[in-house]
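Chemist: One structure is given below, represented as structure tokens, and several questions about it will come after.
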Amino acid sequence: MPDAVVDVPRWSADQVLSLAPDASAQRAARALAGGKAWSEVGFSADDALPPTVWGLCQGSDVQPYQTCVDLTEPAYRCTCPSRKFPCKHTLAVLLRWAAGTVPDAPAPAWVREWQASRAERTRAYGPKEAARTGGESNGRAAGTKATLRRAERVAAGLAELDRWLADQLRGGLAGVARLGYAHWDTMAARLIDAQAPGAARLVRNLGDYVGDPERLLAELGLLRLLAAGFARLDSLPPELAATLRLRVGLPVSAEEVLAGPAVRDRWQVLGVRDEPENDLLVRRVWLRGAQTGRAALVLSFAGPGQVFVTDLVPGTALDADLCFYPENVRVLIARRHAPAAPITSVAGALPVPAAMREYAQALARDPWLERWPMVLADVVPVKAGDRWCLTAGGDGVPLDPAAGAPWRLVAAAGGRPVVVAGEWTAAGLRPLSVWTGDRLVRL
Amino acid sequence: MTDVVGGGAVGRGAAWPEVLAAALVGTQRTGGDAEALLDTVAGHALRRRAGTALVPGVPLPAPAPADPAGFVGPDAVARVDALLATDSATRDAVPVRDMAGRLELLAEWLGAAAGRRVPPELVPALLDVGRRHHHLRPVLAEVAGPLAHWLAAQRPDWGYAAAGRPAQSTVDGPEVWELGSIGRRGGYLHRLRQRDPAQARKLLEATWDAETPDDRAVLLSALKTGLSLDDEPLLERALDDRRRQVRVVAADLLGRLPDSAYGRRMAARALACVDLDTAGPTGSRTGPDGGTGPIGIEPPATCDRPMRRDGIAPRPPAGTGERAWWLEEILARAPLSVWPAPARFLARPVSEAWAVTVRRGLARAAAAQHDIAWALALVDPLTAGVVTDGQPDDRLLLKALYDVLPAQELAARAAAALDRGLVGAMAVELEHVLALCPRPWPPAVAEAVLGALEAHLGNRGAGWRAASLCELAALRLPADLAPRVAALAERVRAVRPNDPGVAFIERFAATVRFRKAHRSPHGAAPPRRGRVRARAGRAGRR
């Protein structure tokens, strides 16, 4: 629990609305926030209570709904029957707080009870955040015998992958273009059977590069590194070995990650990108530490109809402890020290050559790195030939053509140098946000 | 492992192009060890990725011109963002779904911006809107500022917004006339007519004989813009065209020129059918307008060749007698200036058998010739006729007359019709009247619409007539009436709770509220706590 919080930085209305599960909830919340349905609205924070906003809202029920929000995480609770999460009452009470119309007041009993029960649960099960974004877990519970058996299966699967890779080069890549997706999916399925889902995903993706032999060949080379590396895992430096295991798809539990050293910083949210992957929607939130300069990735998943529960909004910074996965980019939030606060400038923006050097270093740590957050200082979007790129004069960083013509970025920059944050991939940079002066524009 | 294995094989130190070539062909044919090749590939792949080739020597562009104008406030930005959005989540923040309605909201938003600018990142979306919606271009340019010119120079699609072009001009140059599709050629001719009617006519005359009949019809109708007696020779020539559509267009255009030979021919025919010269009951004869007695009607006995050449259709529509039809056609095409003033003419009795035909003919003429006096004189009797027997043809004619009436006359009629009740009002094409009324509606119309809706919805709750009226009213009612609309929605909800059939009323209320918000939206952002902002208006998307 934080010590007596004197002043919690107030959120902007945008920050509040970004929590909404959909646009209709946003609209409803806006309408409700100004309404007369509220009574006993208050804000309180002390030794025993994290910063909390609460209120009673008269809805269609006889009893008013009890709505309260713990601002640190944030965590919500509302007694309304809505299945939306957070519901419009929650958003509305936050909007009132953001607008500065919520007075400081002693917390009523029901608020204290809720916070007490949450603290209880946290003690019992560890941080909630970790459970939420933890991915696979329970790896160790099954015991060492199962672990050993799995390692054997994975090793056998990767050995088969290695032979298969060589076969592709024996027959020549010119021929595989005709084979269609089934060719790659068969091998991918075998790797799934061998319990190497990470490698399986890489093989399945090969089908996308059939039209681009250079890319296809490069990906085969990286798979070779994976298979050959796994065969002599014990002789690798421990960090690289851990990264390799992760890339192959051996599970790392949230507990293991959280047991590692935590890095505290003011983590600036650079950009958010949602992408469908199989049946899930994957949200990647890219962070950079203001002091450490470290890049971090918060990954979350949403199934069909689900929404992302995250308060990581571009243009804010979060004072928190992060624990890194072995590949040194993906993180879990171990502990928040304060709610996210707006920022007016971005730290750690690099000139183009330095940014590329930094990426090369990251690649040396993890050859299978697919995305890397890049923050380029003082660049201008320009079209060179048929390709868009970002340049400070001289060399240009190519943009990913699949992202389309970056007209929003071009207009925001207006031909003047701006700071651009984006996701660097083998196909080029995908711009996510741009800072012009103290203004952030999401792309 | 050796550096070179076999004849065509590729060794460890081989360059990427050789490695790629070998991999494409396959080691089965080039010889050599596939696994060794794979290792070489791996090394190359990692090196190439780490040292991704940058695009060399990119020159910096000229920056956009500085723009001293301030920005609209953050709430206004959020609304225009929702109006312009392409993704469904942001789009849904606007209560109006259909494109036309959203464009009206956008036009209203842009009109309220009053010299302030949108944040630069929204300018591309605005320019995209302007590509298709020419009428918004001048307001768009105002809100986008000099950045629009700068962007337009980089993308041909936005060329219309480039600096130095008048706001209405388009990307199509004269080459379109030679090479373009018929649609673009027609558009080009139309625009040229606006600037230089004679030049446009010369252009058309030069290629007239070489055009296909279909194209002749399309291009000839472009002469509607800037029509004058100078166009008569070409139109007379087109009256002899082999294709019927071309003749119809020519006759229609000539009918708009009262002083043309065509007009004189029609006037002569009309006067032969209508005898104004009868004495009144007192036997007095007053002036050149003829007498005051009943008007004598003698429809033509045949539809001769010259009549057919002038566009009179010889075969009547089903249910109409031949002679009545010919009379109507002649009256519809004869210049209204041959008749006495409308009030005098209409005050005189006409034999009952021909009264309807005469009225229809004159109404058609009033609509075609945009004669306000005649339209005003005819619209009320025609409305009464539509209310009593409601012929579909008459309703169309009524709509055509509404198009001629000035705004305040429309408003008065809309209010009067609504006072008689919603159902009756809808029967006389009230929606068309309301759509033509100035926007936002003048107070009398707004009051009448709201009153009728309150009376209709207060007890029954719904009905398709109310739904379509609400859809229109959502966009056209003065936004200041939002509280009353909200109260109306509240009442309907009380009468019919949880009825999806009345969802349109919620949408109605939400839309008016949305619009009310941008009545006063464009002020600067309120300064946020703790920080003095140099450019307070720029808080856009924070």
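The values are calculated or read from the model by the stated rules, or taken from the named source; none is laboratory data. Keep in mind the model is a prediction, meaning the values are calculated, not measured. Glycine also receives a Cβ, built like all others from the backbone with ideal geometry; neighbour counts cover every protein chain displayed. The area values use the complete protein model at the heavy-atom level, side chains included, leaving out ligands, DNA and RNA. Shrake-Rupley method; radii C 1.70, N 1.55, O 1.52, S 1.80 Å.
Chemist: Can you work out D for chain A in µm² s⁻¹ from Stokes-Einstein, where Rh is the Kirkwood radius over C-alpha pairs, the temperature is 4 °C and the viscosity is 1.567 mPa s?
Modeler: 54
Chemist: P(r) for segment B:259-389: what percent of alpha-carbon pairs falls in each 10 Å bin, starting at zero?
Modeler: Calculated over all Cα pairs of segment B:259-389, the distribution is 12, 43, 36, 9, 0 percent.
Chemist: What lysines could a cross-link reach from residue B:516, if we take a straight Cα to Cα line under 22 Å and drop same-chain neighbours fewer than 8 places away?
Modeler: A:36
Chemist: Only Cα pairs within less than 10 Å get springs; with that Gaussian network setup on chain A, which residue of A:410, A:329, A:418 has the largest fluctuation?
Modeler: With Cα springs under 10 Å in chain A, the top fluctuation among A:410, A:329, A:418 is at A:410.
Chemist: Could I ask something else about it? Which value, in Å to one decimal place, does the Kirkwood hydrodynamic radius take for segment A:144-248 when every pair of different Cα atoms is included?
Modeler: 14.1
Chemist: For chain A, find the longest principal axis of its Cα atoms and tell me its angle to the long axis of helix A:238-248, 0 to 90°, nearest 10.
Modeler: So the inclination is approximately 90 degrees.
Chemist: Would you grab the residues whose amide H sits under 5 Å from the one on residue A:270? Only those 5+ places off in sequence or on another chain, please, with H modelled 1.01 Å from N.
Modeler: For residue A:270, whose amide H was placed from the backbone, the distant partners under 5 Å are A:286, A:287, A:288.
Chemist: Give the B-A buried accessible area in Å², both sides summed, 1.4 Å probe, nearest 100.
Modeler: Chains B and A together bury roughly 5300 Å² of accessible area.
Chemist: In addition: Specify whether the C-alpha gyration tensor of segment B:175-257 places it in the rounded, prolate or oblate class, a ≥ b ≥ c being the square roots of the eigenvalues: rounded for a/c under 1.5, otherwise prolate if a/b is larger than b/c and oblate if not.
Modeler: Note, shape of segment B:175-257 comes out oblate.
Chemist: Beyond 36 Å, what share of the Cα-Cα pairs of the protein assembly as shown is found? Please give it as a whole percent.
Modeler: 66
Chemist: Please report the carbon-and-sulfur percent of the accessible area for the protein assembly as shown; probe 1.4 Å, protein heavy atoms only, DNA, RNA and ligands left out.
Modeler: Here it works out to 54 percent.
Chemist: A further question on this structure: Find the accessible area per residue for segment A:352-442; the probe is 1.4 Å, ligands and nucleic acids are left out, and the unit is Å².
Modeler: Solvent-accessible surface per residue comes out at 30 Å².
Chemist: Also, quick follow-up: For a Förster distance of 30 Å, can you work out the FRET efficiency between the beta-carbons of residue B:400 and residue B:444, rounded to the nearest 0.05?
Modeler: Efficiency at R0 = 30 Å is approximately 0.80.
Chemist: Mind checking A:216-228 for the average number of partner chain beta-carbons within 10 Å of each residue's beta-carbon?
Modeler: Counting Cβ atoms of other protein chains within 10 Å of each residue's Cβ and averaging gives 6.
Chemist: May I ask for the angle, rounded to the nearest 10°, between helix A:213-231 and the longest principal axis of chain A, with both axes built from Cα atoms and the value confined to 0 to 90°?
Modeler: The two axes meet at around 90 degrees.
Chemist: Here's another thing I want to ask about it. Could you state the angle between the C-alpha long axis of helix A:23-33 and the longest principal axis of the C-alpha atoms of chain A, as a value from 0 to 90 degrees rounded to the nearest 10?
Modeler: For A:23-33 against chain A, the angle is about 20 degrees.
Chemist: For segment A:437-443, in order, what is each residue's ³J(HN,Hα) by Karplus, 6.51 cos²θ - 1.76 cosθ + 1.60 with θ = phi - 60°, in whole Hz (x at glycine and Pro)?
Modeler: x, 9, 10, 9, 10, 7, 9
Chemist: Per residue of the protein assembly as shown, what 222 nm ellipticity follows from adding -39500 (n - 2.57) for every DSSP H run with n ≥ 4, rounded to the nearest 500?
Modeler: -14500 deg cm²/dmol
Chemist: Any lysines with Cα under 28 Å of the residue B:399 Cα? List them, leaving off those in the same chain fewer than 8 positions away.
Modeler: Correct list for residue B:399: B:224.
Chemist: Let me ask something additional. By per-residue mean of other Cβ atoms within 10 Å, what is the highest-first order of A:267-273, B:370-376?
Modeler: A:267-273, B:370-376
Chemist: Could you work out which residue, out of A:245, A:190, A:330, moves most in a Gaussian network model of chain A, that is, has the largest mean-square fluctuation with Cα springs under 10 Å?
Modeler: A:190
Chemist: Please identify, among A:101, A:391, A:243, the residue showing maximal mean-square fluctuation in a Gaussian network model of chain A using a 10 angstrom Cα cutoff.
Modeler: In this elastic network of chain A, the residue with the biggest mean-square fluctuation among A:101, A:391, A:243 is A:101.
Chemist: Collect residues whose amide H, placed 1.01 Å from N in the peptide plane, falls under 5 Å from the amide H of residue A:396; neighbours closer than 5 in sequence don't count.
Modeler: Counting only residues 5 or more places away or on other chains, the set is B:55, B:57, B:58.
Chemist: Taking 7 Å along the Cα-to-C-beta vector as the label spot, tell me the residue B:337-residue B:212 distance in nanometres, rounded to one decimal.
Modeler: Spacing of the two 7 Å Cα→Cβ label points: 4.0 nm.
Chemist: Right, next: Can you give the mean number of other chain Cβ atoms that lie within 10 Å of the Cβ atoms in peptide A:170-176?
Modeler: Averaged over the peptide's residues, the number is 6.
Chemist: Counting partner chain Cβ atoms within 10 Å of every residue's Cβ in A:384-396, what's the average?
Modeler: Mean inter-chain Cβ contacts per residue within 10 Å come to 4.
Chemist: So, for segment B:105-144, what is the accessible surface per residue at a probe of 1.4 Å, expressed in square angstrom?
Modeler: Result: 35 Å² of accessible area for each residue.
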